[in-house]
1. Would it be correct to say that V73 is assigned to a helix (DSSP H, G or I), more than 22 Å from G22 (Cα to Cα) and modelled with pLDDT of 70 or more?
2. Can you tell me which condition M58 does not meet? The list is (1) modelled with pLDDT under 80; (2) assigned to a helix (DSSP H, G or I), and all the others hold.
Amino acid sequence: MPTRARRRRQIPAERKVFYYFGMVSMVVGLLVFGSTFVSSAMHFGDFTNFDDRGSSLMGRAIVGMALMFVGGVLRSIGARGLAGSGVVLDPERARGELEPYSRMAGGMVKDALDEADIDLGARPEKVVMVKCRACGKLNEEDSKFCQECGQAI
Ligand SMILES: [Zn+2]
């Protein structure tokens, strides 16, 4: 059973559907839009039914552009969530929905730093040692008993 926090970190299935549906819609829009150029090229110099065909081409171009636009919007909603893409103004929710991306960006920055061997100084923890009162051996701060003599610290 995934915990709640775990589930929040993943992009919900319905948003993936949005995303892919948007992508398909964009591709279909592009094809419809592009086909207007193909058919106008095919009928180039053919002036029969010019007006009819002209308006149907216009209609297809507009439908194609609309599909691409809607597809783009759907895709960004799917990718970033309603709040994350700014459709719903809810910064708190947006942060949760954008979390996979923030984490990705953070991870990439961390990878880049690792790659460049840059250390932000967070890693080398300062180890505080505690001296055993019985034998004087230095033990780590959180140890309960002395490593050397077993005396309670
Ligand atoms: Zn000791």
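The values are calculated or read from the model by the stated rules, or taken from the named source; none is laboratory data. Just so it is clear, the structure is predicted and the values come from calculations on it, not from any experiment.
1. Values: assigned to a helix (DSSP H, G or I): yes; more than 22 Å from G22 (Cα to Cα): no; modelled with pLDDT of 70 or more: yes.
Answer is no for this residue.
2. (1)
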